[in-house]
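Structure first, commentary second.
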Amino acid sequence: MRVNATGRVLHDPKGGSFRFDAGAVCLDFAHTGGEGQYAIFETLHEPADLGEWLAQPPLAAVMTVPVTARELAEAKALRQAIWDAAHARAARVPLPAEAVAIINRAAAKAPLTPELAADGTTAGWAPPVRATQALSALAREMIDLLSGPLSERIRECASDNCPLVFVDTSRPGARRWCAMERCGNRHKLRALRARQAADS
């Protein structure tokens, strides 16, 4: 996978949006919606929505075979497994067995095959390009993340009401917030108000 630029713009159903870089495409994918209380953030309503998400850089897997309803269901199961595994790692607790099984099952599928263009200077994915191949790439990236040196850098936003997870790729390993312009600024504002209240 050519992961050279991660991050997506997330939209709040109550209004507003912000750029969130999870530090890994698989974690960006984990933030495309969810179950239960996270259903209001759902962005993958139809198979075509999944195809559109996968076609965006850096994965840039433009489907040559239409995404099916079954693939959408598999994608949502993988998304939940990535979410659960990332939160478990961030909390330093054992990974849920079901999440591990789902990630491994997705990774076992045939991956995307890189193909060099005729001019020899650019590359794409060799057709046919199917959703299951792209999902395999995401699952394999998650396996590499969980088993590699950045595993201990998986964090949950330090805000008490923000569940976003990310890989802390900062050099000092001191990233605390999903995004400074969101939770970081909110924290600063609360701290400032608390100081002002204490001084008055």
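The values are calculated or read from the model by the stated rules, or taken from the named source; none is laboratory data. Everything numeric here is computed off the predicted structure, so don't read it as measured data. Neighbour counts are summed over all protein chains in view; Cβ atoms, including those assigned to glycine, are modelled from backbone coordinates with ideal geometry. Ligands, DNA and RNA are excluded from the accessible area calculation, which covers all protein heavy atoms including side chains. Shrake-Rupley method; radii C 1.70, N 1.55, O 1.52, S 1.80 Å.
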Check your understanding: Do we have Ala106 as among the aliphatic types (A, V, I, L, M) and either in contact (Cβ under 8 Å) with a residue 24 or more places away in the chain or loosely packed, with under 12 Cβ neighbours inside 10 Å (or both) here?
Key -> yes
Exercise for review: Could you look through segment 9-58, keep only residues that are polar (S, T, N, Q) and under 14 Å from the mean Cα position of the chain (by Cα), and pick out the one that is nearest to Val129 (Cα to Cα)?
Suggested key: Gln56
Point to revise | Unique residue being of a type outside the set (Gly, Ala, Ser), outside any loop (DSSP other than H, G, I, E, B) and farther than 21 Å from Ser151 by Cα when the list is Phe18, Phe29 | key: Phe18
Point to revise | Among the candidates Asp119, Asp168, Asp144, residue that is more than 19 Å from the chain's Cα centre (by Cα) and among the acidic types (Asp, Glu) | key: Asp119
Check your understanding: Residue check: is Arg175 of a type outside the set (Gly, Ala, Ser), farther than 29 Å from Ser17 by Cβ and outside any helix (DSSP H, G or I)?
Key -> no
Study note, to complete from the structure: When every residue in segment 119-151 that is at pLDDT 95 or above and among the acidic types (Asp, Glu) is compared, the one least open to solvent (accessible area, probe 1.4 Å) is Glu141
Review point. If you check Leu44 against the conditions, is it in contact (Cβ under 8 Å) with a residue 24 or more places away in the chain, surrounded by 18 or more Cβ atoms within 10 Å (Cβ to Cβ) and farther than 19 Å from Thr113 by Cα?
Key: yes
Practice item. For segment 71-78, state whether one or more residues are outside any helix (DSSP H, G or I), among the small types (Gly, Ala, Ser) and under 16 Å from the mean Cα position of the chain (by Cα). Key: no
Point to revise | Test result for Leu59, open to solvent by less than 20 Å² (accessible area, probe 1.4 Å) and part of a helix (DSSP H, G or I) | key: no
